[in-house]
Amino acid sequence: MYRRLIPLLLLFSCAILIVVYFISPLSKVGTISVDGSKNVTDQQVIDSSQLSSGMPLWTTLWNDEETEKAVLDIPQVKSADVKRQGWNNIVVTVEEYKMIAYSHIKDDYFPILENGKIVNESKKVSMGNNPIFKDFSEGKALGILIEQYKLLNTSVQNGISEIEHTPTETDEYLIKIYMNDGNQVVATLPSFAEKMNYYPDMVQKVGDQNGVFNLEVGGYFTPFESDTSDSKEKSAEENPEVSQETEEVVEE
């Protein structure tokens, strides 16, 4: 008799434990925390994950991949990983795309990410030391600029205030760079980084003058007090040493 009773008691005890578990807080999602977020808020990540405290824990056990994909809908998020901590807590770890610059449209600033995406989240002022990319839209030109910008020395990056897209019929990748020191640079995107990394040496060559460095082909300098409508040849005639020295620096 007892041999028959023991299995029944065990079965009954297990059933009670299961019922108690499912009605206890341990069977529900406890806290949801986010790790690695910088430019997005924790609440943005949690809302996108579609997780919430108090939901049945078992419903989340086989949905990690779907949850991670949902978090990736946030433009700034590069990767997401869902892990459980303790009995019923969940941690969502995210890696964000680096913000490269701001796109200036009318009176608003929109973050530009390293993958070439322009985030549709406007700010009234730009934050930090990120430069302004003006008149760029998502596409090939912006992608080339980002790759070239990454190749710049840190000191040169920090010296850039704004980069404006100024395409012409002969060069769709023509840009104008506005420097924090008051100078301007005209360049073409495919050779931008290669030539622009010589900028500190070029500035040293021209001394205290401010003006325009043209790096489209070779390199020459036109002071602001000169007639900027003059041709390259006239500029070189007025500043033979400066133009020659600048071109030699670029071509080294």
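Right, Lys69: of a type in the set (Lys, Arg) and surrounded by 18 or more Cβ atoms within 10 Å (Cβ to Cβ) or not? Here the answer is no, as Lys69 does not meet what is asked. Only one entry in Lys150, Lys134 is surrounded by fewer than 17 Cβ atoms within 10 Å (Cβ to Cβ) and basic (Lys, Arg), namely Lys150.
Can you tell me which residue in the stretch 48-63 is farthest from Val94 (Cα to Cα), limited to those that are buried (at least 16 other Cβ atoms within 10 Å of the Cβ) and over 25 Å from the mean Cα position of the chain (by Cα)? Write out each step before concluding.
At the first step, the residues of the stretch 48-63 found to be buried (at least 16 other Cβ atoms within 10 Å of the Cβ) are 48-49, 51, 57, 60.
Now restrict to residues that are over 25 Å from the mean Cα position of the chain (by Cα): 51, 57, 60.
Working: Leu51: 15, Leu57: 21, Thr60: 18 Å.
Here the answer is Leu57.
Residues that are assigned to a helix (DSSP H, G or I) and open to solvent by 30 Å² or more (accessible area, probe 1.4 Å) within the stretch 153-169 comprise Thr154, Ser155, Gln157, Asn158, listed in sequence order.
Kindly indicate the residue of the stretch 84-108 that is touching a residue at least 24 places away in the same chain (Cβ under 8 Å) and of a type in the set (Phe, Trp, Tyr) and also farthest from Asp135 (Cα to Cα) among those meeting that condition. Filtering the stretch 84-108 for residues that are touching a residue at least 24 places away in the same chain (Cβ under 8 Å) and of a type in the set (Phe, Trp, Tyr), the one farthest from Asp135 (Cα to Cα) comes out as Trp87. Restricting to the stretch 102-131, name every residue that is open to solvent by less than 40 Å² (accessible area, probe 1.4 Å), assigned to a loop (DSSP other than H, G, I, E, B), out of contact with any Phe, Trp or Tyr (no Cβ under 7 Å at 6 or more places or on another chain) and more than 13 Å from Glu162 (Cα to Cα). Of everything in the stretch 102-131, just one residue is open to solvent by less than 40 Å² (accessible area, probe 1.4 Å), assigned to a loop (DSSP other than H, G, I, E, B), out of contact with any Phe, Trp or Tyr (no Cβ under 7 Å at 6 or more places or on another chain) and more than 13 Å from Glu162 (Cα to Cα), namely Gly116. Counting the residues of the stretch 12-63 that are modelled with pLDDT of 90 or more and assigned to a helix (DSSP H, G or I) gives 8. Looking only at the stretch 91-101, how many residues end up being under 14 Å from Glu138 (Cβ atoms) and outside any loop (DSSP other than H, G, I, E, B)? Number satisfying all stated conditions: 2.
Determine if the stretch 139-146 includes at least one residue that is under 22 Å from Tyr109 (Cα atoms) and either more than 20 Å from the chain's Cα centre (by Cα) or free of Cβ contacts under 8 Å to residues at least 24 places away in the same chain (or both). Yes, that holds for at least one residue.
The values are calculated or read from the model by the stated rules, or taken from the named source; none is laboratory data. Nothing here was measured: the structure is a model prediction, and the numbers come from that model. Positions of Cβ are generated from backbone atoms using ideal geometry, with glycine treated the same way; all protein chains shown enter the neighbour counts. To get the accessible areas, we keep the full protein, side chains included, count just its heavy atoms, and leave off ligands, DNA and RNA. Shrake-Rupley method; radii C 1.70, N 1.55, O 1.52, S 1.80 Å.
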